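Read the structure below first, then the notes.
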Amino acid sequence: MAEPMLEVRGISAAYGHIRALAGVSLTVPQGGIVALLGSNGAGKTTTLNVVSRLVRPTAGEVKFEGAPVQGLSSDAIVARGLVQVPEGREVFREMSVRENLLMGAYLRRGRSAIDEDLARIGRLFPRLQERMSQRAATLSGGEQQMLAIGRAMMARPKMILFDEPSMGLSPVLVDQIFDIIGRLNRDEGITVLLVEQNAKLALAMSSYAYILENGEIVLEGESSRLACDPAVRQAYLGA
Ligand SMILES: Nc1ncnc2c1ncn2[C@@H]1O[C@H](COP(=O)(O)OP(=O)(O)O)[C@@H](O)[C@H]1O
Ligand SMILES: [Mg+2]
């Protein structure tokens, strides 16, 4: 197995009196795709936000490339190469596609390299290339998801945390987005932690998966094995 790129050890988190996570541990190997599955409210977004330092854990530790992230700002995490594509995309609606993409490079210096990356994202996402000057609010849901991914790419990440990229998209667009995620992993070597409610697709795309329920990991294993597990099939695959 490859070196771990991300190690989450026993993290707990709460919002006031509401316990959101209780001792969550997971590992993502370098170059891998790992899925984190679970129904609404299970704690998936909170887990990603703890990794990105947007939520402070009450216990536990997160290591990225072997170094603890404790004490780092969210910006410092991005600068290290760990970027989140947030749930619901959160594009800057009043800005153009180009401006949104440039926001992804806000920590970088060197205009020519940034322009090169802008051109590269355009080649990766022809739909965005055609719409560089268009206001993000006028994009379709799928195009906004592509924009959110393109914006993350502009930070030159080593690893991307995807928070329910399929949410609200038609099946055709979901296929396109998953195809893009697969290409980023294969062709660009980006390590992926994929949070999804769409267990079927996420298990097909990942090599290893964790299932979160009420803030705890209740099951983990090779994705191909989980996809055949009767309990998983009944609870998460509707079969
Ligand atoms: N900002 C918040 N304030 C209070 N409770 C929250 C907040 N965000 C999430 N929660 C609660 O924490 C739990 C986990 O939420 P979340 O991590 O968003 O789950 P998921 O992403 O799996 O749907 C839920 O009970 C949710 O209601
Ligand atoms: Mg969520």
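The values are calculated or read from the model by the stated rules, or taken from the named source; none is laboratory data. Keep in mind that what you see is a predicted model, and the values were worked out from it rather than measured. Reconstructed Cβ throughout: ideal geometry from the backbone, glycine too, with neighbour counts over all protein chains shown.
Any residue at all in the stretch 143-154 that is within 16 Å of ligand 2 (Cβ to nearest atom), in contact (Cβ under 8 Å) with a residue 24 or more places away in the chain and within 15 Å of Ile33 (Cβ to Cβ)? Steps first, please.
From the stretch 143-154, those within 16 Å of ligand 2 (Cβ to nearest atom) are 145, 148; that's our starting set.
The next check asks that each one be in contact (Cβ under 8 Å) with a residue 24 or more places away in the chain; those that pass are 145, 148.
Next cut, within 15 Å of Ile33 (Cβ to Cβ) only: none.
Within the stretch 143-154, none of the residues are within 16 Å of ligand 2 (Cβ to nearest atom), in contact (Cβ under 8 Å) with a residue 24 or more places away in the chain and within 15 Å of Ile33 (Cβ to Cβ).
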Out of all the residues in the stretch 185-205, which are assigned to a helix (DSSP H, G or I) and either modelled with pLDDT under 95 or closer than 20 Å to Ala231 by Cβ (or both)?
-> Asp187, Glu188, Ala199, Lys200, Leu201, Ala202, Leu203, Ala204
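Is it fair to say Val97 is crowded, with 21+ Cβ neighbours inside 10 Å and farther than 30 Å from Ala227 by Cβ?
Values: crowded, with 21+ Cβ neighbours inside 10 Å: yes; farther than 30 Å from Ala227 by Cβ: yes.
Taking the combined requirement at face value, the residue satisfies it.
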Has the stretch 134-152 got any residue that is assigned to a loop (DSSP other than H, G, I, E, B), away from ligand 1 (no atom under 16 Å from the Cβ), of a type outside the set (S, T, N, Q) and surrounded by fewer than 19 Cβ atoms within 10 Å (Cβ to Cβ)?
-> no
So which helices (runs of 4 or more DSSP H) are wholly in the stretch 37-113 and hold at least 1 residues that are at pLDDT below 95 and either within 16 Å of ligand 2 (Cβ to nearest atom) or of a type in the set (Ser, Thr, Tyr) (or both)?
-> 74-80
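Going through the stretch 3-21 one residue at a time, which ones are within 11 Å of ligand 1 (Cβ to nearest atom), aliphatic (A, V, I, L, M) and in contact with a strand residue (DSSP E or B) (Cβ under 8 Å, 6 or more places away or on another chain)? Write out each step before concluding.
First pass over the stretch 3-21, keeping only residues within 11 Å of ligand 1 (Cβ to nearest atom): 13-21.
Checking which are aliphatic (A, V, I, L, M) leaves us with 13-14, 18, 20-21.
Matches in the stretch 3-21: Ala13, Ala14, Ala20, Leu21.
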Of the criteria (1) of a type in the set (Val, Ile, Thr); (2) over 20 Å from Arg120 (Cα atoms); (3) over 19 Å from the mean Cα position of the chain (by Cα), which one Thr47 fails | (3)
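I'd like to check something: does the stretch 206-220 contain any residue that is of a type in the set (S, T, N, Q) and within 16 Å of ligand 1 (Cβ to nearest atom)? If you could, list the steps in order and put the result at the bottom.
Residues of the stretch 206-220 of a type in the set (S, T, N, Q): 206-207, 214.
From what is left, the residues that are within 16 Å of ligand 1 (Cβ to nearest atom) are 214.
Taking every residue of the stretch 206-220 in turn, at least one turns out to be of a type in the set (S, T, N, Q) and within 16 Å of ligand 1 (Cβ to nearest atom).
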Which one is surrounded by the most Cβ atoms within 10 Å (Cβ to Cβ), of the residues in the stretch 36-93 that are away from ligand 1 (no atom under 16 Å from the Cβ), closer than 24 Å to Leu219 by Cα and charged (D, E, K, R)?
-> Lys63
Kindly list, by first and then second residue, each pair from a residue in the stretch 34-45 that is touching a residue at least 60 places away in the same chain (Cβ under 8 Å) to a residue that is part of a loop (DSSP other than H, G, I, E, B) and more than 9 Å from ligand 1 (Cβ to nearest atom), limited to pairs with Cβ atoms under 7 Å and residues at least 6 apart or on different chains.
-> Val34/Ser206; Ala35/Ser206
Can Glu3 be described as surrounded by fewer than 23 Cβ atoms within 10 Å (Cβ to Cβ), at pLDDT below 95 and under 22 Å from Gly142 (Cα atoms)?
-> no
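Residue under question is Ala42, and the condition is that it be farther than 22 Å from Gly215 by Cβ and out of contact with any His (no Cβ under 8 Å at 6 or more places or on another chain); does it hold? Don't jump to the end; show me each part of the working.
Working: farther than 22 Å from Gly215 by Cβ: no; out of contact with any His (no Cβ under 8 Å at 6 or more places or on another chain): yes.
Considered against the rule, which asks whether it is farther than 22 Å from Gly215 by Cβ and out of contact with any His (no Cβ under 8 Å at 6 or more places or on another chain), Ala42 comes out as no.
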Residue check: is Glu116 away from ligand 1 (no atom under 16 Å from the Cβ), touching a Pro at 6+ places or on another chain (Cβ under 8 Å), farther than 26 Å from Leu201 by Cβ and not hydroxyl-bearing (Ser, Thr, Tyr)?
-> no
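Which of the residues that make up the stretch 2-33 are polar (S, T, N, Q), in contact (Cβ under 8 Å) with a residue 40 or more places away in the chain and either out of contact with any Lys or Arg (no Cβ under 6 Å at 6 or more places or on another chain) or outside any strand (DSSP E or B) (or both)?
Step one: filter the stretch 2-33 for residues polar (S, T, N, Q), giving 12, 25, 27, 30.
This time we only want the ones that are in contact (Cβ under 8 Å) with a residue 40 or more places away in the chain, so: 12, 25, 30.
Those that are polar (S, T, N, Q), in contact (Cβ under 8 Å) with a residue 40 or more places away in the chain and either out of contact with any Lys or Arg (no Cβ under 6 Å at 6 or more places or on another chain) or outside any strand (DSSP E or B) (or both): Ser12, Gln30.
Out of the residues in the stretch 157-197 that are on the phi > 0 side of the Ramachandran plot and over 12 Å from the mean Cα position of the chain (by Cα), state the one that is surrounded by the fewest Cβ atoms within 10 Å (Cβ to Cβ).
Out of the qualifying residues, it is Gly189.
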